[in-house]
Amino acid sequence: MVVGETYEVHWPHSAAGACGTANQYQTPFYDGVFCNLDLETLQTLAPQDIASAVGVQGQIFTIVNDDSYYYPDLIRGWVVDAEMGMGQDIAIYTGSTTGESRSNEICSSYSPITWQVDRKCHMISASSFDKLCYDMKMQRDDM
């Protein structure tokens with residue numbers, strides 16, 4: 001993370017996953033999103049079943065060295081702050097999952113996915129991202 005750079009953060013949500021539990025945030029991404037389904041059941045899902053069960057929220061941040069933009073709990077979800085205009089102007093669209101194994105040649109088999117993305121780029125303190133990284137490292141991974 002570099003002060004002055006811009007980063008997009010994604011928060012996946014899933015009715016087929018472990019949302020709201022200690023196992024919500026798993027690596028790789030699919031472990032947490034589909035952890036409540038066995039492979040046999042997952043293979044029977046139609047695209048609309050996945051779209052109805054899985055969604056992603058996203059926000060874009062520019063890192064600043066100013067703790068007046070500190071948000072201590074990014075691990076729990078995107079920032080909604082009407083005074084700062086955060087989480088207020090949302091684009092909702094259908095897309096797919098993302099990740100290093102996806103490209104313009106290799107598409108995700110997990111689509112469609114409902115995306116909700118904050119249309120504005122927001123300033124956030126470097127210490128907020130430091131705290132997010134710390135919180136991510138503290139998550140258990142039992143998958």
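Observations on the structure shown:
- If the condition is being open to solvent by less than 30 Å² (accessible area, probe 1.4 Å), at pLDDT below 95 and of a type in the set (D, E, K, R), then the stretch 111-143 contributes only ASP135.
- Against the numbered list (1) open to solvent by 20 Å² or more (accessible area, probe 1.4 Å); (2) modelled with pLDDT under 80, SER108 comes up short only at (1).
- Single residue of the stretch 45-87 satisfying the filter (part of a helix (DSSP H, G or I), within 24 Å of VAL3 (Cβ to Cβ) and open to solvent by less than 60 Å² (accessible area, probe 1.4 Å)) that is modelled with the highest pLDDT: TYR69
The values are calculated or read from the model by the stated rules, or taken from the named source; none is laboratory data. In this text the structure is predicted, and so the values were computed from the model without any measurement. When we count neighbours, we look across all protein chains shown, and the Cβ atoms used for this are built from the backbone with ideal geometry, even at glycine. The accessibility values were calculated without ligands, DNA or RNA, using every heavy atom of the protein model including side chains. Shrake-Rupley method; radii C 1.70, N 1.55, O 1.52, S 1.80 Å.
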